[in-house]
Amino acid sequence: MVVIVILKLIVKYEKINYAKYLAHLELSGIIQRILRRLELPLEYSSGYNPKPQIAFAAPLSVGTSSKGEYFEVRITEEFDLRKITEIDPSFLPVGIKFIDATFSTAKNSIMAIVSDASYILKITTERQYEEDDIREKLNKFLAQDEIIWEKIRRKKKPITKNIVEFINNVFLLNTNNKEMIFKINVKTGSNGNLQPDVIVKKFIEYANIELSDEFINIQRQEIFKNVNSEQVPII
Amino acid sequence: MEKLDKLLRNVQNPSRYIGGEINSYNKEITEGMVRFVLAFPDIYEIGMSYLGFQILYNLKNERDDIFCERVFSPWEDMENELRKNDMELFTLESKTPLKEMDFIGFTLQYELSYTNILGMLDLSNIPFRSKDRDDDMPIILAGGPNAYNPEPIAEIIDLFVIGEGEEVNIELIELYKLMKKENTYTKKTYLREASKIEGIYVPSLYEVSYNKDKTIKEFKPSFEDVPKLIKKRIIRNFDGYYYPKKVIVPFQDVIHDRAMIEIFRGCTRGCRFCQAGMLYRPIRERSKEDILEKMDTLIKNTGFEEIALSSLSSLDHSEVKGIVTDFVDKYESKKVGLSLPSLRLDSFAVDILKDIQKVRKTGLTFAAEAGTQRLRDVINKGVTEENLTSTLSEIFENGWKRVKLYFMLGLPTETYEDIQGIADLGEKSIEMYYNVDKSLRKGKPTVTISTANFVPKPFTPFQWFGQDTVEELNEKHEFLKEKITNRNVNYNYHGSWESSLEGIIARGDRKLNEVIIKAYEKGCKFDAWREYFNYDLWLETFELLNIDPYFYNTRTRDYSEILPWDHLDCGVTKEYLIKENEKALEVKLTTDCRNYCTNCGVNKQIIGGDCYPEINS
């Protein structure tokens, strides 16, 4: 019996600074060219327009930065991983950094193994709020059985869903300088997915917090897979 | 960054404005460093496709004493954000307002981008007219093909670069540095000195007067030391000459998302409608070795999966076959493809294409230009009916089924018979596809016929020709639409109104400055974009200023008339252009000048010797 082993390279990278404004497709194109330039043994798709086969762990909205992103790409053989981890920074656009890399022969695609993700969110408030007070309100907010979120959809009726089951945990980090910083861990991927700012928006509403700017600054910290009921970083 | 965040998160495609691409520069600003911004008056995706932009960017940035940045027209959403937040347009690299630059260099690729130049100045709080800008303002220069008729924006731009920009850009910067160092710099003294550099035209140093019939009476320098005739600049020894070792790998879905290698400058074909073919003479090739070496370097430094052989007619390179074969041999396994811009219809093309297809299969675009042999002869497009048919059969035999054929409408002497000829050619292509042995065919063919409207341009044999009116062009489009009946033939065409305005500006004079400024103030911008173009608003502006737009486009001129660009010398003489125009009317061909010299004048005016001694001897 012939066993076909699919060999993949998984790379952990960060996307910060202005690079957070790169859209998914743009980044995909950029990464293709970086990998070609490194002369890696890439496995190309067949057809009129052969392309390396790249997949990303979890989509990231344009404007959201991240300290822990992942992509995988099919390769034909293993090579010295320092080519990735010690890549010349001039090979990368400003704001993109390769952090770590590994080989994998896992059958499942990288998208399929994602279970959770963690984020830091920052809001700026109209006035300084008492930290203990906000913390107490947050605990009460999270203790609810139901947090109903109405999802607005383009050209379709909005849907409502209870987001409680998608929240793993929410911490208030601090409330200094008219800012509030939260650390949030949510379900991510095909088995349930929630954008972290939804929680913050619901909480702002719940606690009657006045914002000086509607904008919520979001940075993804890490993407996890589930191993024996534990959250483990993808690599 | 936080301030810009506010803007960037509210616009579509924010990566247009962020910079930081692979191979872009960001330098620490040091004392005495010259700040230059290359400005493209259209959006990022368009501007980043231009080769000249990449060449001038790298050429300057390879020097430590120059920091060259980029700026593009912001799309309307970004424009609104800038205004709302009371911010000025900024460079991609260091996010600096344009006012803080020493030089702003606009590239002039098409006439319909001129209102965008004003838009960019407006968003920088820089006065539109050169005379209203003081010594603290940046020097505003412009170059590119449209600089060959600088008059419509002569009151806006401080100085124009006529011809190839590599050397002269540096000379302008050197002069600036010297005057700054010696403390002799004022805008006035600088422009006066710059006017003595070959290839530089400073419009404020010339006076123009008009006849009663509104044609030009006299055009002359205001001072004795300012040249009467401005000669274009060329790079004499092109083989081995500077080419960037790396190019910026752009974000976004840019129009030509690939590396480009310029394999030669100039063209020997002498098509009579083609401005580039006249302007960029003489032909100068890079050698095969030079080209292959530079391609290696570019691929190594960018990771691009495709590289284009760029020039006016790439299959005319004397070693093109060898370049393609060697390249494909080397890069087939690395999956790096090769692309050629639009092709002439001849069997040589098919031969080369077979090689190129080994890596990536691309669509084919052929420039047939006109529908009948008579009209193709008028424009000196040396392609015969037999070329056309045999090439198409060969293409279909080799497995292609999608072909794009490119034509022009409104050429001199055109009749409805010629337009019928375009439709016939579409029909014939389909027929030829089905004549191919069934085993070689894969499904239904698609032939796309695409027509552009002919716009007479300065320095061509047709520079005196009265362009078709909007109504005439519209009628021709309707006629052709009706004649194309085969379901496998698609037809698309350019708007007549856009071509009309292009024609007005292309051969306009200084009076158009106030029109363009007024039109911008009334709301005209992004004229090259169908969703913004507003012909009525332009007509309204002309009327308001009491200027007849049709004086510039549909009027046939006399050979004796002083044309607004007569003070520029592109090397090709007026006598030659007249002779070519006469030959066109007599339906007489002129040979490719590789065969023998056709006496266009460029050898005498610009080179001072033979164009290519090795061929002409």
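Any read-out appearing in this document is the output of simple, stated calculations on the displayed coordinates, not a laboratory observation. All values derive from a computational prediction rather than experimental measurement. Note: ideal-geometry Cβ built from the backbone for every residue, glycine included; neighbour counts use all protein chains shown.
Pairs spanning more than 32 Å between alpha-carbon atoms, out of B:K321/B:K579; A:K155/B:K84; A:K67/B:K525; B:K442/B:K483; B:K300/B:K442; B:K220/B:K604: B:K321/B:K579; A:K67/B:K525; B:K300/B:K442. Three principal axis extents describe the C-alpha atoms of the stretch B:90-170; from largest down they are 29, 25, 24 Å.
Once you have all Cα-Cα distances for the stretch A:23-102, histogram them in 10 Å bins from zero and send the whole-percent values. Calculated P(r), rounded to whole percents: 15, 53, 29, 4. Phi-derived couplings, Karplus 6.51 cos²θ - 1.76 cosθ + 1.60 at θ = phi - 60°, listed residue by residue for the stretch A:93-107: x, 4, x, 9, 9, 7, 9, 7, 7, 7, 9, 8, 10, 4, 5 Hz, with x used for Gly and Pro. For the stretch A:103-118, the residues whose backbone nitrogen is under 20 Å from a point 7 Å from the Cα of A:A55, taken along Cα to Cβ, are A:103-117.
With r defined as the distance between the Cβ atoms of B:F223 and A:V164 and R0 fixed at 60 Å, what FRET efficiency is calculated, to the nearest 0.05? Walk me through the intermediate numbers first.
Working: r = 82 Å, r/R0 = 1.36.
That gives a FRET efficiency of 0.15.
Proximity of backbone amide H atoms, modeled 1.01 Å from N, is registered between B:R555 and B:Q467 at under 5 Å, excluding neighbours fewer than 5 places apart on the same chain. Can you tell me the FRET efficiency between B:K481 and A:A207 if r is taken as the Cβ-Cβ distance and R0 is 51 Å, rounded to the nearest 0.05? The pair B:K481/A:A207 has a calculated efficiency of 0.20. The chymotrypsin sites (Phe, Trp or Tyr not before Pro) of the stretch B:180-237 that DSSP puts in a loop, and whose beta carbon has at most 11 other beta carbons within 10 Å, are B:F223. Rg then Dmax, both in Å and based on the Cα atoms of the protein assembly as shown: 30.2, 94. Among the trypsin sites (Lys or Arg not before Pro) within the stretch B:525-585, those in coil by DSSP and having at most 12 neighbouring Cβ atoms inside 10 Å are B:R530. When the Cα atoms of the stretch B:401-529 are aligned to their principal axes, the ranges along those axes come out at 63, 31, 26 Å in descending order. A cut-off of 5 Å between modelled amide H atoms, ignoring neighbours fewer than 5 places along the same chain, links B:Y206 with B:S222. Normalising the average separation of contacting C-alpha pairs (under 8 angstrom, six or more residues apart) by the number of residues puts the relative contact order of chain B at 14 percent.
Rounded to the nearest whole Hz, the Karplus-based 3J(HN,Hα) values (6.51 cos²θ - 1.76 cosθ + 1.60, θ = phi - 60°) of the stretch B:141-153 follow the sequence 10, 8, x, x, x, 6, 5, 6, 10, x, 4, x, 10, with x at glycine and proline.
Considering only DSSP beta bridges whose two residues both sit in the protein assembly as shown, what percent are antiparallel, to the nearest 5? All intermediate terms of the calculation are to be shown ahead of the outcome.
Working: 64 of 113 bridges.
In the protein assembly as shown, approximately 55 percent of DSSP beta bridges are antiparallel ones.
Between 0 and 90 degrees, the angle of helix B:416-435 with respect to the longest Cα principal axis of chain B falls at about 60 degrees.
Excluding same-chain neighbours fewer than eight residues apart, the lysines reachable from A:K161 by a Cα-Cα span under 19 Å are A:K151, A:K187, A:K201, A:K202. Within chain B, the cysteines lacking any other cysteine Cβ closer than 4.7 Å to their own Cβ are B:C68, B:C267, B:C524, B:C570, B:C593, B:C597, B:C600, B:C611.
If we count other beta carbons within 10 Å of each Cβ, what is the order of B:K177, B:K358, fewest first? Intermediate values should be presented prior to the final figure.
On the way: B:K177 17, B:K358 13.
Arranged by neighbour count, lowest to highest, B:K177, B:K358 become B:K358, B:K177.
At 4 °C and 1.567 mPa s, what whole-number value in µm²/s does Stokes-Einstein give for the translational diffusion of chain B, with Rh from the Kirkwood sum over Cα pairs? Walk me through the numbers before you get to the answer.
On the way: Rh = 25.7 Å.
Translational diffusion coefficient: 50 µm²/s.
Residue by residue, the stretch B:207-214 carries 3J(HN,Hα) couplings of 10, 10, 10, 10, 7, 4, 7, 6 Hz when phi is fed to the Karplus relation 6.51 cos²θ - 1.76 cosθ + 1.60 (θ = phi - 60°); x denotes Gly or Pro. What spacing in nm lies between the two simple spin-label points modelled at A:E130 and A:E179, each 7 Å away from Cα in the Cβ direction? Those two pseudo-labels are separated by 2.4 nm. Amide H contacts of B:V34 (H built 1.01 Å from N, in plane; Pro and chain starts excluded): B:I66, B:F67 sit under 5 Å, all sequence-distant by 5 or more or on other chains.
Relative to the first principal axis of the alpha-carbon coordinates of chain A, what is the inclination of helix A:24-37, with its axis defined by its Cα atoms, in degrees from 0 to 90 and to the nearest 10? That works out to roughly 30 degrees.
Shown here: the stretch B:2-231, whose C-alpha atoms stretch 54, 44, 31 Å along the first, second and third principal axes, sorted largest to smallest.
Computed over the Cα atoms of the stretch B:161-291, pair by distinct pair, the Kirkwood hydrodynamic radius stands at 18.3 angstrom.
What are the semi-axes of the equivalent ellipsoid for the stretch A:89-235, taken as the square roots of 5 times the Cα gyration tensor eigenvalues, largest first, in whole Å? Show your work: numbers first, answer last.
Working: eigenvalues 175, 86, 51 Å².
The three semi-axes for the stretch A:89-235 are 30, 21, 16 Å.
For an R0 of 41 angstrom, estimate the FRET efficiency from the Cβ-Cβ distance between B:E471 and B:L589 and round to the nearest 0.05. Could the numbers behind the result be given before it?
Details: r = 32 Å, r/R0 = 0.78.
The computed FRET efficiency comes out at 0.80.
What shape does the stretch B:39-150 have by the C-alpha gyration tensor, where a ≥ b ≥ c are the square roots of the eigenvalues, rounded means a/c under 1.5, and otherwise prolate means a/b greater than b/c and oblate the rest?
On the way: a/c = 1.22, a/b = 1.17, b/c = 1.04.
Judged from the Cα gyration tensor, the stretch B:39-150 comes out rounded (a/c under 1.5).
Projected label points at B:Y434 and B:D566, each 7 Å from Cα along the beta carbon direction, are separated by 5.7 nanometres. Annotation for B:K95 and B:S318: the two label points, set 7 Å from Cα along the Cα-Cβ direction, are 5.3 nm apart.
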